Amino acid sequence: MTRRNGVSGDGDRGSGSGSGSDGGGRTVAIVGAGVAGTSVFAQLVAALPRTGGRAVGSVLVVDPSPPGWGLAFGDDDPLLMCNSAANVNSLLPDRPDDFVDHLRARGWTGAPDTCVPRAAMAAYCADRWASARDTAARAGVTVRHLPVRAVSVRLADGPPRLRLDDGSELVADDVVLATGVHRPRVPRGFAAFTGHPRYLDSPYPSARLRAALGAEGRRVLVLGSRQSAVDAALLLCRDGHRTTLTSPSGSLPAVRLSLHAPPRDFPPLERMARLDPDDPLLDRRLTRCVVEAVRLLGDRPLRAQTSSAADPVRRLAEETALAEAGVCLWPGVAVAVIEALTAFADGLPAHRTRALMRRFDWFVGRYLTALTVVNARRLLAHCATGALRLAPAYPESAAFADGVWRVSAPGSGAPETYDHVVNATGFHPPEVTWRADGTELLLSPGGTGGTGGSDGTGDASDPDGTVLDHLEADLRVRRAPGAPPERVWLAGTGTHIRIPFANHLRTVTRQARWVAGQVASGG
């Protein structure tokens, strides 16, 4: 079944039915209705009246989840907080206070540089999506949400054709791929257990975690020690489970009040743009830029703003105290550092960008993804009661027998036993793959996530396919470097093949503005 703009199913289809471009004009398909997709959509609608050329007649938003309520923010558990402040979470880069204004209109009285529950961000996205849909309808543009998953984009013999997981296809003039993360990483030593009933591949959604563990009092091993693992620990301990965190680093993130908008300009960070990527002393020079930027915020040296304690719980306590005392200044440069490193690496070959990020993983993992004070205090409270502990070493072996996990760590003696294992090591970035014949883009590794062929049968995988690993500044897909661009754009985390910190919201919304403008103008 091929859909030319028209849809079937139970999605929010806007006004009218049948053809989505009854009034003429181009059809735009946005794959993904999370933060990136919503930002593209809102800014596309805002750009339409200002553009010439053949107008957009319909917009199809393809996502199995309701607009705004994806994996990143679509969990209504109040323990799950945004890791960045309200004043950097606007979907509209030209209106940086838009999220704060949305919250204020609903009675929120918090400070703009504080964090709010993730569900508030999802509600904001849903609200802005609905508002943009209504604006589009008044302009004669049909908008529909299709609650299905896109499997691939065929790019041969005419305009792009999206293959959907219900076996149907839709034809669009322009396609924006704004998919988020969905595929959990597989932690070391647990690949054989990914389908095990006592192994959860992710702590999200929290409702699934609660349902899987059932009654309180379970012994749970959480694999990981960064943001996803902290979320898992907070959820599990609140629900009465005894929780152990373990990771190869054995290190928790640092602590900050929030990740907020830069309070000023930082000339030392601007200097990064002039550094040579091939300089053997690049690490040292980049670090120097960051240290000098921190000094612009106060006289307290950076080493006095963090703890050097070897024990992770003691370090957590000391850094929490520093943040609460107001002497922890380095978070003031964090957003500016993210954006300066992004600008520095933009345009480097993908392997160079990955190497750069690996060299700075210690900085990213500890500081740029630091904990809020609120969550740090919660963790410390659970550690004090014995509900939470950090394992001294990562497991060297794991087995499940007689209803329990038996996990051994180096030098630990007898194996420790657990009822459940929760993987909280994060997610693989989204990945698209060219079929070997260059006619189709598969939107997940191996073509998973759907029924396969366009008739609902078969397998969409292509073992000889090539992963898309090149993206030029226009963010448009090409079959090869230097080839003509396709009518397909990437936005959001999928741009990681070109841009580090591709999930940084301010980066995402600026990309969305660029893509929306190009699509609106027919560029």
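Residues whose amide H lies under 5 Å from that of Val255, counting only those 5 or more places away or on a different chain, are Leu371; hydrogens are built 1.01 Å from N in the peptide plane.
Distance between the C-alpha centres of the range 66-126 and the range 344-382: 21 Å, rounded to the whole angstrom.
Put simply, when 154-167, 185-198 are sorted by average Cβ atoms within 10 angstrom per residue, most first, you get 154-167, 185-198. In the full protein context, the chain carries 42 Å² of accessible surface per residue, based on a 1.4 Å probe and ignoring ligands, DNA and RNA. Remark on His145: its backbone amide H falls under 5 Å from those of Asp12, Arg13, Gly14, Val61, a criterion applied only to residues 5 or more positions apart or on other chains, H modelled at 1.01 Å from N.
Computed from backbone phi, the HN-Hα couplings of the range 253-266 come to x, 5, 10, 8, 5, 6, 9, 10, 4, x, x, 6, 7, 10 Hz, rounded to whole numbers (Karplus: 6.51 cos²θ - 1.76 cosθ + 1.60, θ = phi - 60°; Gly and Pro given as x). Straightening the chain between Ala401 and Ser521 buys 37.1 nm, computed as 0.36 nm per residue apart minus the Cα-Cα spacing. Per-residue ellipticity at 222 nm, computed for the chain from helices alone with -39500 (n - 2.57) per DSSP H run of at least four residues, works out to -8500 deg cm²/dmol. Farthest towards the positive end of the charge dipole of the chain, among the residues Ala273, Pro117, Ala520, is the Cα of Ala273, using unit charges on the Cβ of Lys, Arg, Asp and Glu.
With a/c under 1.5 counting as rounded, go ahead and sort the range 110-206 into rounded, prolate or oblate using the C-alpha gyration tensor (a ≥ b ≥ c being the square roots of the eigenvalues; past the cut-off, prolate if a/b is larger than b/c, else oblate). Oblate.
Which one of Ser152, Phe41, Val432 is farthest out on the positive end of the charge dipole of the chain, using unit charges on Cβ (Lys, Arg +1; Asp, Glu -1) and the Cα centre as origin? Most positive-ward Cα: Phe41.
Shown in residue order for the range 329-340 are the 3J(HN,Hα) couplings computed by the Karplus curve 6.51 cos²θ - 1.76 cosθ + 1.60 at θ = phi - 60°: 9, 4, x, x, 9, 4, 5, 5, 5, 3, 6, 5 Hz (x for Gly and Pro). With K and R counted +1 and D and E -1, the other residues having a Cβ less than 11 Å from that of His351 yield a net charge of +2.
Per-peptide packing, taken as the mean over residues of other Cβ atoms within 10 Å, places 119-127, 37-45, 105-113, 347-355 in the sequence 37-45, 119-127, 347-355, 105-113 from highest down. Distance from the C-alpha centroid of the range 263-298 to that of the range 493-523: 25 Å, rounded to the whole angstrom. Across the chain, the relative contact order, built from alpha-carbon pairs under 8 Å that are at least six residues apart, equals 22 percent. Of the accessible area of the chain, computed with a 1.4 Å probe over protein heavy atoms only, carbon and sulfur atoms account for 52 percent.
Applying 0.36 nm per residue to the separation of Ala310 and Leu275 and subtracting their alpha-carbon distance, the gain on full extension is 9.2 nm. To the nearest ten degrees, helix 373-385 and the longest principal axis of the Cα atoms of the chain are 50 degrees apart. For Cys289, neighbours were defined as the other residues whose beta-carbon sits under 12 Å from its Cβ, and their charges (Lys and Arg +1, Asp and Glu -1) total +3. About the centre of its Cα atoms, the chain shows a dipole size close to 760 debye [charges on the beta carbon of Lys, Arg (+1) and Asp, Glu (-1) only; nearest 20 debye].
A simple packing score, the average count of other Cβ atoms within 10 Å per residue, orders the peptides 418-427, 237-246, 359-368, 172-181 as 172-181, 418-427, 237-246, 359-368, with the highest score first.
The long axis of helix 118-138 is offset from the longest Cα principal axis of the chain by roughly 10 degrees.
Taking the charge dipole of the range 60-144 about its Cα centre, with +1 at Lys and Arg Cβ atoms and -1 at Asp and Glu Cβ atoms, the residue from Phe73, Thr135, Asn87 reaching farthest to the positive side is Thr135. Helix 227-238 axis versus longest C-alpha principal axis of the chain: approximately 70°, rounded to the nearest ten.
The values are calculated or read from the model by the stated rules, or taken from the named source; none is laboratory data. Predicted model only: the values in this text are computed from it and were never measured. Neighbour counts run over all protein chains shown; Cβ positions are idealised from the backbone, glycine included. Calculation scope for accessible area: heavy atoms of the full protein, side chains included, ligands and nucleic acids excluded. Shrake-Rupley method; radii C 1.70, N 1.55, O 1.52, S 1.80 Å.
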